[in-house]
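The values are calculated or read from the model by the stated rules, or taken from the named source; none is laboratory data. A quick note: this is a predicted structure, and the numbers were derived from the prediction, not measured. Heads up, the Cβs are rebuilt from the backbone with ideal geometry, glycines too, and the neighbour counts pull from every protein chain shown.
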Amino acid sequence: MHYRFDIVIIGGGVVGSSIARELSRTTASVAVLERNPDVVDETSGRNSAVVHGGFAYDRGSLKAKLCVEGNRMMGALSEELGFPFVRCGKVLVGNTDEDLRTLENTIKQGYDNGASGLSLIDSAKLHELVPAVIGSFAMFSENSGILDPFLYTIHIAENAHENGVEYFLSHEVSSIAKKDGRHFISAGDDTFEADWVVNAAGLGAKAISDMLGIEGYKVIGSKGNYLVLDKTLGPLLPMPVYPVPSNTYMGIHVTPTVDGNVTVGPDAINTDDFSYYGVPADKMEYLRESASSLWPHINKKDVIRTFSGILPKWVDDNGKIQDFRIEIRDDIDSMAVNLIGIESPGLTAAVPISRMVFSMITERGQFQMKTDWNGHHDKPFRFSDADDKTLICSCENVTEEEIVRAIHNPLGVHTLSGIKYRTRAMMGRCQSGFCHMKIEHLIERKCGIRAEDVRYMRPGSWVLAGKMRECNGK
Ligand SMILES: Cc1cc2nc3c(=O)[nH]c(=O)nc-3n(C[C@H](O)[C@H](O)[C@H](O)COP(=O)(O)OP(=O)(O)OC[C@H]3O[C@@H](n4cnc5c(N)ncnc54)[C@H](O)[C@@H]3O)c2cc1C
C-alpha cells in the first residue's frame, strides 16, 4: 500500500508517541511507524521507571533541562492521562567522606539545573524515611518519583491515536528515499510518503539517521539487567534507594514499583547486540549481592522474574557519553527531526522532548491548531470497576472483563505481553503459570486468531510451536 501523511514518526516508544500526541494538537496528518507489535516492547518498557529529579546531569545540558521540566509536569500529566505516578522521593546513600563531597556537589549541580527539594540528611532521618536501609547519611530528593512505564507510554500513544494519529505496528522501516523534497519511507510492503520525518527510533535511531543521510553518529548499547521481587517486599521500601552516583552511571539501586513490587538493578554492560534481552544467572547473583549492601531484604526466594533494557548512548570518538541530540540538519534535510542518544532520563523527559520537537516543526510548517483536541485518557479499568468479577489472574486479581477490554485496546495490540502491560495479568507470583492459557484462549476467541499465531511479544516469540497431533478433521 502507498500512504501519504504530512508527518511520519519512526518509533512508537514514549518519545515517538509523546511527539505524536503533541502534533495531534494540529490538523497535520500524522503516522507512527513502529517495528514491534506494541509500543512498550523496547526501552520504554524496560527501565527503572523512576521520575528523576534532574540533579545527576551536567549543568546546561538538555538532559538536565528537559528532565527538570518533565519532573515538574508529571503530576499534572498523570492526572490528565490516567497513569499511575507517585511522588515518593528518593535517597542516594553514602558512607565515606568522598561520598559526602560527591553528594554535596550533586545537590549544587541539581539546584543549578533548576531542580528543587534536595537536601543532605543524617542517619536518623534516613532511617526514618527507609527503615532498613544500610548507610550513614544520604541525599534526599523529595520530588523524585515512580510511575508505571507501560501505562504511561500506552496512554500517551492511545491518546495520540484518539486525536487522529494513525499507528502502524509491526512496520519496520528499512529505507528512506527523497524526491522533490518529499520522503518515501519503506516499511514491509508499504510505502509512506511524507513531508516531515521524525526519527524517534531509540536503539534504531542511528540506522534511521544514516537512512536520512545524517551520518557519523556513534551509538553504543549499555545493557542493564534487573531482578523483580515479590509484592510482599513493596511495603518495606517506601522510595528508591540509590548508591552515590558517578556522572555517567546511577549504580545498582532498589526501587519500589507503583504496584508494590521491588526492582533491583541495573548493572551496565556495553553491548553491540541491541536485541538480546536475556539475563544471565551470574548477573542475577551479582545484582542481589550488590544491592544487598544498600537494603537487606533481597532473598532468592522472592525473585519472581528478571528483565533487561538497553540504553542507546551517543558517544564521541573518545567514548565520552554525549547529551541528547535533537536536531534539524538544514544542510542535509530541512524536513527531518533527528533524535539521537535518548537514554536516561528519557522517560522523565519525554513530554518536554516532544514539546521541543513540536516547536521545531510548527515554527516552519503551516499547521492549524485543532479546536476539538482532547488530552484526557481514562484511568485503567480495574477489578473494582468490573461488573462481573470472574477472575482470570488470581495473583493480581484481574477479571475476564478487564482482559476482554484490554484485548479490544485502541491500538489493536494482540500479544500476550500487550494484555499483561495493560492489565497486570501474568505479572504476579506465578508469572502466568495459571492464567496464561486462559488469556491465550480469550485472544483466540475475541480476535479470531489461531492459537499457534498468538505471540508473546516481538516477532518470533511464538507461544505454541504447533499441534502435537491432528484430530482427524474434527
Ligand atoms: C536500564 C534502563 C533504565 C532506565 N531508567 C530510567 C529511569 O528510571 N528514568 C528515566 O527517566 N529514564 C530511564 N531510562 C531511559 C528511558 O527508558 C528511555 O530514555 C526512553 O524509554 C526512551 O524512549 P524512546 O521512545 O526513545 O525509545 P524506545 O522505547 O526504544 O522507542 C523507540 C521505538 O522505535 C522502534 N524502532 C526502532 N527502529 C525502528 C525501525 N527501523 N522502524 C520502526 N520502528 C523502529 C522500536 O521498536 C521502539 O519501540 C532507562 C533506560 C534503561 C535501558
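It is to be established whether one or more residues within the stretch 278-301 are farther than 19 Å from residue 251 by Cβ and in contact with a helix residue (DSSP H, G or I) (Cβ under 6 Å, 6 or more places away or on another chain).
Scanning the stretch 278-301, I find no residue that is farther than 19 Å from residue 251 by Cβ and in contact with a helix residue (DSSP H, G or I) (Cβ under 6 Å, 6 or more places away or on another chain), so the answer is no.
Within the stretch 268-289, how many residues turn out to be in a loop (DSSP other than H, G, I, E, B) and either in contact with a strand residue (DSSP E or B) (Cβ under 6 Å, 6 or more places away or on another chain) or among the aliphatic types (A, V, I, L, M) (or both)? Show your work before the answer.
Step one: filter the stretch 268-289 for residues in a loop (DSSP other than H, G, I, E, B), giving 268, 272-280.
After this cut, where a residue has to be either in contact with a strand residue (DSSP E or B) (Cβ under 6 Å, 6 or more places away or on another chain) or among the aliphatic types (A, V, I, L, M) (or both) as well, the list is 268, 274, 277, 279.
Of the residues in the stretch 268-289, 4 are in a loop (DSSP other than H, G, I, E, B) and either in contact with a strand residue (DSSP E or B) (Cβ under 6 Å, 6 or more places away or on another chain) or among the aliphatic types (A, V, I, L, M) (or both).
Between a first residue in the stretch 424-439 that is farther than 14 Å from residue 261 by Cβ and surrounded by fewer than 23 Cβ atoms within 10 Å (Cβ to Cβ) and a second residue that is among the small types (Gly, Ala, Ser) and modelled with pLDDT under 95, which pairs have beta carbons less than 7 Å apart while being 6 or more apart in sequence or on different chains?
Pairs that qualify, where the first residue is farther than 14 Å from residue 261 by Cβ and surrounded by fewer than 23 Cβ atoms within 10 Å (Cβ to Cβ) and the partner is among the small types (Gly, Ala, Ser) and modelled with pLDDT under 95, are 434/394.
Among the residues of the stretch 377-399, write down those that are small (Gly, Ala, Ser) and surrounded by 14 or more Cβ atoms within 10 Å (Cβ to Cβ).
Here is the first cut: in the stretch 377-399, the residues small (Gly, Ala, Ser) are 384, 386, 394.
The one that is small (Gly, Ala, Ser) and surrounded by 14 or more Cβ atoms within 10 Å (Cβ to Cβ): 386.
If I filter the stretch 40-55 down to residues being more than 6 Å from the ligand (Cβ to nearest atom) and of a type in the set (A, V, I, L, M), which single residue comes out as farthest from residue 168 (Cα to Cα)?
Once the filter is applied, the top-ranked residue is 51.
Checking residue 333 against (1) outside the structural domain of residue 199 (by TED's automatic domain parsing); (2) modelled with pLDDT of 95 or more: exactly one of these is not met. Which one?
The one condition residue 333 does not meet is (1).
Which of the residues belonging to the stretch 193-204 are surrounded by 19 or more Cβ atoms within 10 Å (Cβ to Cβ) and more than 7 Å from the ligand (Cβ to nearest atom)?
The initial filter retains those residues of the stretch 193-204 that are surrounded by 19 or more Cβ atoms within 10 Å (Cβ to Cβ), namely 194, 196-204.
Within the stretch 193-204, 194, 196, 197, 198, 199 qualify.
Going by the conditions given, is residue 223 assigned to a strand (DSSP E or B), under 24 Å from residue 13 (Cα atoms) and either charged (D, E, K, R) or in the same structural domain as residue 354 (by TED's automatic domain parsing) (or both)? Show your work before the answer.
Values: assigned to a strand (DSSP E or B): yes; under 24 Å from residue 13 (Cα atoms): yes; either charged (D, E, K, R) or in the same structural domain as residue 354 (by TED's automatic domain parsing) (or both): yes.
For residue 223, the condition - assigned to a strand (DSSP E or B), under 24 Å from residue 13 (Cα atoms) and either charged (D, E, K, R) or in the same structural domain as residue 354 (by TED's automatic domain parsing) (or both) - is met.
Listed here are the residues, each with its yes/no results for (1) touching a helix residue (DSSP H, G or I) at 6+ places or on another chain (Cβ under 6 Å); (2) among the hydrophobic types (A, V, I, L, M, F, W, C).
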| position | (1), (2) |
| --- | --- |
| 10 | yes, yes |
| 14 | yes, yes |
| 17 | yes, no |
| 32 | yes, yes |
| 55 | yes, yes |
| 69 | yes, no |
| 72 | no, no |
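For every residue, the table says whether it meets (1) without any contact (Cβ under 8 Å) to a residue 12 or more places away in the chain; (2) of a type in the set (Gly, Ala, Ser); (3) not in a loop (DSSP other than H, G, I, E, B).
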position: 242; (1), (2), (3): no, no, yes
position: 250; (1), (2), (3): no, no, no
position: 264; (1), (2), (3): no, no, yes
position: 291; (1), (2), (3): no, yes, yes
position: 304; (1), (2), (3): no, no, yes
position: 317; (1), (2), (3): no, no, no
position: 333; (1), (2), (3): no, no, no
position: 343; (1), (2), (3): no, no, no
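Yes or no, residue by residue, for (1) out of contact with any Phe, Trp or Tyr (no Cβ under 8 Å at 6 or more places or on another chain); (2) under 23 Å from residue 367 (Cβ atoms):
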position	(1), (2)
12	no, yes
22	no, yes
38	no, no
53	yes, no
57	yes, no
62	no, no
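Could you look through the stretch 15-30, keep only residues that are of a type in the set (A, V, I, L, M, F, W, C), crowded, with 24+ Cβ neighbours inside 10 Å and more than 8 Å from the ligand (Cβ to nearest atom), and pick out the one that is farthest from residue 357 (Cα to Cα)?
Step one: of the stretch 15-30, the residues of a type in the set (A, V, I, L, M, F, W, C) are 15, 19-20, 23, 28, 30.
Going one step further and asking which of them are crowded, with 24+ Cβ neighbours inside 10 Å, we end up with 15, 19-20, 23, 30.
If we keep only those that are more than 8 Å from the ligand (Cβ to nearest atom) as well, we get 19-20, 23, 30.
Values: 19: 7, 20: 10, 23: 9, 30: 14 Å.
Checking each candidate, the answer is 30.
Of the numbered conditions (1) closer than 30 Å to residue 295 by Cβ; (2) more than 12 Å from the ligand (Cβ to nearest atom); (3) in contact with a helix residue (DSSP H, G or I) (Cβ under 7 Å, 6 or more places away or on another chain), residue 270 satisfies every one except a single condition; which is it?
Just one mismatch for residue 270, condition (3).
From the set of residues in the stretch 168-187 that are part of a loop (DSSP other than H, G, I, E, B) and modelled with pLDDT of 95 or more, which is nearest to the ligand (Cβ to nearest atom)?
As a first pass, look at the stretch 168-187 and keep what is part of a loop (DSSP other than H, G, I, E, B): 169-172, 180-181.
Next, only the ones that are modelled with pLDDT of 95 or more stay: 169-172.
Working: 169: 9, 170: 9, 171: 6, 172: 4 Å.
Step by step, filter the stretch 168-187, then rank; the result is 172.
Just checking: which of the helices (runs of 4 or more DSSP H) contained wholly in the stretch 62-164 hold 3 or more residues that are of a type in the set (D, E, K, R) and surrounded by fewer than 20 Cβ atoms within 10 Å (Cβ to Cβ)? If you could, list the steps in order and put the result at the bottom.
Values: elements: 62-81, 97-112, 123-129, 149-162.
Filter on the stretch 62-164 gives 62-81, 97-112.
Which condition does residue 229 not pass, out of (1) more than 10 Å from the ligand (Cβ to nearest atom); (2) not assigned by TED's automatic domain parsing to the domain that holds residue 88, if it passes all the others?
Result: residue 229 passes all but (2).
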